[in-house]
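Only one structure is covered here, and it is reproduced in the block below.
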Amino acid sequence: MARQPVTQMAYKSSDEMIFGTAKKPVTTKRGIVIGGGYVHPEVVPHPRPGSEKTLKTLLREYERANGDALERMTIVGHPTLVIENEHVFQMTNNPKWGGEIAAQTAKQMDDYLEKYGLKAAYRSTIADLRKPDMHHMRESDYTMKVIESFKECAKYADIISIESMGGKEVFDYAIIRNDIEGILFGIGVLGARDMEWMWNQIVEIAKANNCIPGGDTNCSEANTAMFMAGGMTSKDVPHVIAALSRAIAASRTLVAYECGATGPTKDCAYEDPIIKAMTGVPISTEGKTSACAHSDLCGNLIMAVCDLWSNEAVEYHDMFGATTTSVFAEILGYDVAMLNTAIELGYQQQMKEILVNSDRYRDSHSLILAPDNAWQIGNAIVSNRAKGYYASARAAALKAGEIILGDPMMKLTSHEKEALQNAMKVLEGLPEDEGTFVDRCINKYTKAVKGFNPAAYGF
């Protein structure tokens, strides 16, 4: 389908947003209603290094990892589970491999539904193998394998997703230089254009296979900025630059839903509260239970409006309590039981308030993802969407900076404050016209960034 720009908010205010309920719920093949009134756990097992050597060994690894999670849920009495398998290289490079693993997992889920009444769903997240500095983003052999992998996995999966890489070559150059103009161009313009090209195809594949087109994430860029910002004393990338990158990422990630993706969104898209505010689709988020994969400083707050609650990823191996997938599925199940009990007792607003305020001022990143601020950033995006990708991404960054600087409770170090003020000056001084901005950036980054090919983005 042709992209339909979102130009008005799905929610009138952030007060309407709550965990477990979305304006546009979706239903999986075995009857899980995501966004229909309850939150569901989503566990993400990863195979151990070496298990990917052959299809046989990888099938066995996932049979155990996914099966352990399903078994644990029946033992402790959690009624639903979503399992996401993020493809390792071999699963997408050999599209039949990903398809066979999806088929195997679907059969396991059918068996658990029949024997124990456990409702489970499978998300297959295709690996974006494209390398902007090595291949033409739209014409490489890797691109064809990505598309073929979607076709194979959509036959069996409930949900298909991707973590697309468009614009990363420019972003990587820009982030280590704290170059907000390059970050805006890489994420907000190049990434958005690449997503439109990719997601029109993904949605059609999903429709043809009665599969849910889930969503995308700016993991390769905004999450990179968040991780590079690191601890509270990091000087490599200021936390405020990571926060501005996240706001820009919301404008980019929105493209998937404008092209027909329905959610549930990808868990590692920390911009998802902004996405939910704009679109009303159900979202998957990760926070405290993703500490097995990384730190994020949004541990409780990011749960406040989720519809799926995820652990990000955990490598499959033994722990004292059982295997990792068993343990994290159980932990996620208890978190979700707490949220759902709050809903049933009528305490969901109080629970939302507790979650938000426990982390609201932990970092500038968590501040902009609090539901009220997420709604404001979303409103800045949709109010400028008709003007194009550049205008809406720039508006998102400016609004995020305004929120951080304007909240007296958000204590910034002198280093952080100076970095934000400098970035805001650059953003405010950029041209209003998208064509002028794009021409300027193409001229600048074609010379500076090895492998950047404007033609790969339709220029």
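Within the range 331-348, is even one residue touching a strand residue (DSSP E or B) at 6+ places or on another chain (Cβ under 7 Å) and more than 27 Å from Glu86 (Cα to Cα)? Taking every residue of the range 331-348 in turn, at least one turns out to be touching a strand residue (DSSP E or B) at 6+ places or on another chain (Cβ under 7 Å) and more than 27 Å from Glu86 (Cα to Cα).
The residues listed here are Ala106, Ala127; of these, the one that is within 19 Å of Gly215 (Cα to Cα) and small (Gly, Ala, Ser) is Ala127.
A search for C-beta distances below 8 Å between a residue of the range 103-125 that is within 17 Å of Thr74 (Cβ to Cβ) and any residue that is assigned to a helix (DSSP H, G or I) and small (Gly, Ala, Ser), counting only pairs 6+ apart in sequence or on different chains, returns Gln108/Gly67; Tyr122/Ala102; Tyr122/Ala106. Quick check: anything in the range 436-450 open to solvent by 20 Å² or more (accessible area, probe 1.4 Å), free of Cβ contacts under 8 Å to residues at least 40 places away in the same chain, over 23 Å from Ile175 (Cβ atoms) and part of a helix (DSSP H, G or I)? Checked against the condition, which is being open to solvent by 20 Å² or more (accessible area, probe 1.4 Å), free of Cβ contacts under 8 Å to residues at least 40 places away in the same chain, over 23 Å from Ile175 (Cβ atoms) and part of a helix (DSSP H, G or I), the range 436-450 yields at least one hit. Within the range 48-65, can one find any residue that is in contact (Cβ under 8 Å) with a residue 40 or more places away in the chain, open to solvent by 50 Å² or more (accessible area, probe 1.4 Å) and in a helix (DSSP H, G or I)? Looking for residues that are in contact (Cβ under 8 Å) with a residue 40 or more places away in the chain, open to solvent by 50 Å² or more (accessible area, probe 1.4 Å) and in a helix (DSSP H, G or I), one finds at least one in the range 48-65, hence yes.
Residues being of a type in the set (A, V, I, L, M), surrounded by 24 or more Cβ atoms within 10 Å (Cβ to Cβ) and over 30 Å from Ala400 (Cα atoms): count how many of those fall in the range 147-185.
First, pick out the residues of the range 147-185 that are of a type in the set (A, V, I, L, M): 147, 154, 157, 159-160, 162, 165, 170, 174-176, 180, 183-184.
If we keep only those that are surrounded by 24 or more Cβ atoms within 10 Å (Cβ to Cβ) too, we end up with 154, 157, 159-160, 162, 170, 174-175, 180, 183-184.
Now narrow it down to the ones that are over 30 Å from Ala400 (Cα atoms): 154, 157, 159-160.
The total comes to 4.
Listed conditions (1) in contact with a Ser or Thr (Cβ under 9 Å, 6 or more places away or on another chain); (2) surrounded by fewer than 22 Cβ atoms within 10 Å (Cβ to Cβ); (3) closer than 20 Å to His317 by Cα; (4) not basic (Lys, Arg) are all met by Pro45, apart from (2).
Could you list, in sequence order, the residues of the range 194-223 that are of a type in the set (D, E, K, R) and either open to solvent by 10 Å² or more (accessible area, probe 1.4 Å) or in contact with a Leu (Cβ under 9 Å, 6 or more places away or on another chain) (or both)? Lay out the reasoning, then the answer.
Kept after step one, since they are of a type in the set (D, E, K, R), are these residues of the range 194-223: 194, 196, 204, 207, 216, 221.
Residues satisfying the conditions are Glu196, Glu204, Lys207.
Test of understanding: among Asn379, Asn340, which residue is closer than 30 Å to Leu420 by Cα and not charged (D, E, K, R)? Let's see the steps before the verdict.
Details: Asn340 fails: closer than 30 Å to Leu420 by Cα.
Selected residue: Asn379, the only one of Asn379, Asn340 that is closer than 30 Å to Leu420 by Cα and not charged (D, E, K, R).
Across the range 1-39, the qualifying residues are those that are charged (D, E, K, R) and not in a loop (DSSP other than H, G, I, E, B), and the one among them that is surrounded by the most Cβ atoms within 10 Å (Cβ to Cβ) is Glu16. Among all positions in the range 390-400, there is no residue which is within 25 Å of the chain's Cα centre (by Cα) and surrounded by fewer than 18 Cβ atoms within 10 Å (Cβ to Cβ).
Checked across the range 400-419, the condition of being farther than 20 Å from Asp363 by Cβ and of a type outside the set (S, T, N, Q) holds for no residue.
Among the criteria (1) surrounded by 20 or more Cβ atoms within 10 Å (Cβ to Cβ); (2) closer than 23 Å to Glu286 by Cβ; (3) touching a Ser or Thr at 6+ places or on another chain (Cβ under 7 Å), the one Asp372 does not fulfil is (1). Scanning the range 91-116 for residues that are closer than 10 Å to Cys153 by Cα and either outside any helix (DSSP H, G or I) or open to solvent by 60 Å² or more (accessible area, probe 1.4 Å) (or both) yields Lys96, Glu100.
Scan the range 364-412 for residues that are part of a helix (DSSP H, G or I) and either among the charged types (D, E, K, R) or free of Cβ contacts under 8 Å to residues at least 12 places away in the same chain (or both) and the total you get is 7.
The values are calculated or read from the model by the stated rules, or taken from the named source; none is laboratory data. Note that the coordinates shown come from a computational prediction; the quantities given were computed from them, not determined experimentally. Every residue, glycine as well, gets a Cβ built from its backbone with ideal geometry; the counts of neighbours run over all protein chains shown. Each accessible area value is taken on the protein alone, full model and side chains, heavy atoms only, with ligands, DNA and RNA left out. Shrake-Rupley method; radii C 1.70, N 1.55, O 1.52, S 1.80 Å.
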